[in-house]
């Protein structure tokens, strides 16, 4: 009687339970092959920054896509002109309750960090009159670019409001938050771009 | 790119949703494996859920302590739903401690529990990998292979899928070992070894910008993966030769 295939297989696997020497040889072989594979795939220092290869995109680690809009105060706003200053780039609308909840936090931060961090609140697709009345009611004094055609919202793939991007001095997005910031999460995310 | 799942008026962030799914899948697979080992599957669910709840509380508490200046003026935010107001590592440590306490308290055989949860954790990791692809994280290296996916405007290796498939394959191997009734501890060690090897093998398919480097350009995931694989292999050797 031949033993069933299954038990033969198991016995063969069991017989693979090798002697100590063979295990040690296996470990040494893996160590050598392993280090070789790690070595050939190393990244030369400086290569990454030199490549700077990531294209502008609304994602962590990527350069923030540039845009130009007119602000509620009637001035021209260009994101790249803020290079050298950390930027908190927020997208909001007056009809969005969580935005209304967080705007006072952004206002407080803009006063606390005046001249050190730029707080920018892009309004999504509303009329200048609406936005101005609303900003006056809440006493908002930070820059509010008007994204009337929602082109910039599309550029930043903003799917839900509010969404906030934290951009460092060199224009790289370091953190993004979907949903409202609180004072605590604002402080936490701010750490990635400032001081 | 699917960072937010839109269900009518409801915007569900993919990341936290995938995390919940991953935890549930890990516990379900872990409970199944535990039953195969003659343990009570409910113990795995209990340990996991106690750990999860304790971990969430600890992660929020740590956030409150670190950012107390911000919370002082708005105490209700301590109980707020803000999904970013958590600190990862305090949460992970407390979750593991509480799950470990449950195992100790109920006198569960630790080695068998580790065997049972190892494949579950790998399934959870595979789900997290897929979520990483959906949210555009851990981008792959550029390639022109026919199965390249376009991310950030460049066709790239779908490295997140490679990693997910590798994790699933190792999970299947560990489950097979449990089903076959192999020596206690071997399924967990095989899972560790296999996962370490997969990270060591696949990390080079990640975009250089998505790789953390150490020691002048070595990829951290490769170094750690190889070290873990070697230690696990050494453990397997010890386990195999113990009764020979």
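We did not get these values from a lab; they are worked out from the coordinates using the rules stated. Worth saying up front: this structure is predicted, and the values here are computed from it rather than measured. Here the Cβ positions follow ideal geometry from the backbone for every residue, glycine too, while neighbour counts run over all protein chains shown.
Cα centroids of the stretch A:68-101 and the stretch B:89-104: 43 Å apart. Between residue A:19 and residue A:154, how high is the FRET efficiency from 1/(1 + (r/R0)^6) when r is the Cβ-Cβ distance and R₀ = 60 Å? Nearest 0.05. Efficiency, rounded to the nearest 0.05: 0.40. Between residue A:130 and residue B:147, the modelled labels are 4.7 nm apart [label points 7 Å from Cα along Cα→Cβ].
Contact order for chain B, expressed relative to its length and based on alpha carbon pairs under 8 Å spaced 6+ residues apart, stands at 19 percent. Between the helical axis of A:20-40 and the dominant principal axis of chain A, each derived from Cα atoms, what acute angle in degrees is found, rounded to the nearest 10? Between the helix axis and the principal axis of chain A, the angle is about 40 degrees.
The stretch B:131-160 and the stretch B:57-81 have Cα centres separated by 37 Å. Label zone (residue A:168, point 7 Å along Cα-to-C-beta; backbone nitrogen cut-off 13 Å) within the stretch A:53-97: A:60-64, A:84-87. Between residue B:96 and residue B:40, the FRET efficiency from the beta-carbon distance, with R0 = 30 Å, is close to 0.90. Angle of helix A:5-15 to the longest C-alpha principal axis of chain A, folded into 0 to 90 degrees and rounded to 10: 90°. Which of B:151, B:96, B:75 ends up with the largest GNM mean-square fluctuation for chain B, with Cα atoms connected below 10 Å? Comparing B:151, B:96, B:75 in a Gaussian network model of chain B, the most mobile one is B:75. Taken along the Cα-to-beta-carbon direction at a fixed 7 Å, the label points for residue A:68 and residue B:25 span 4.7 nm.
Each peptide in B:153-166, B:136-149 receives the mean, over its residues, of other Cβ atoms within 10 Å, and ordering these scores from highest gives B:153-166, B:136-149. Of A:72, A:33, A:125, the residue with the greatest mean-square motion in the GNM of chain A, using alpha carbon springs below 10 Å, is A:33. The mean count of C-beta atoms from other chains within 10 Å of the C-beta of residues in A:55-66, rounded to a whole number, is 3. Of the DSSP beta bridges with both residues in the protein assembly as shown, give the percent that are antiparallel, rounding to the nearest 5. So the antiparallel bridges amount to about 75 percent of the total. Residues of the stretch A:174-195 with amide nitrogen under 14 Å from the 7 Å Cα-to-Cβ point of residue A:60? Within reach of a label on residue A:60, which here means backbone N under 14 Å from a point 7 Å along Cα→Cβ, the stretch A:174-195 contributes A:174-178, A:188-193. The listed peptides B:101-110, A:89-98, ordered by packing as a protection proxy, come out as A:89-98, B:101-110 (highest mean of other Cβ atoms within 10 Å first). For the pair residue B:105 and residue B:165, what calculated FRET efficiency results from E = 1/(1 + (r/R0)^6), where r is the Cβ-Cβ distance and R0 = 30 Å, to the nearest 0.05? Efficiency, from the Cβ-Cβ distance: 0.20. Counting only alpha carbon atoms, the long axis of helix A:128-138 and the longest principal axis of chain A meet at about 90°. Entry note, chain A: the mean residue ellipticity at 222 nm calculated from DSSP H runs of n ≥ 4, each adding -39500 (n - 2.57), is -12000 deg cm²/dmol after division by the residues and rounding to the nearest 500. Short-range pairs are left out: with C-alpha atoms under 8 Å and at least six residues apart, the relative contact order of the stretch A:117-191 is 24 percent. In the stretch A:54-195, the ratio of gyration radius to Kirkwood radius, Rg to Rh, stands at 0.92 when only Cα atoms are counted.
Residue by residue along B:65-71, Cβ atoms of other protein chains within 10 Å of the local Cβ number 4 on average. The stretch between residue A:108 and residue A:85, if pulled fully straight at 0.36 nm per residue, gains 6.5 nm over its current Cα-Cα span. The modelled label-to-label distance between residue B:50 and residue A:39, using points 7 Å beyond Cα along the C-beta direction, is 4.9 nm.
Per-residue shielding of A:172-185, expressed as the average number of other chain Cβ atoms within 10 Å of the residue Cβ, stands at 5.
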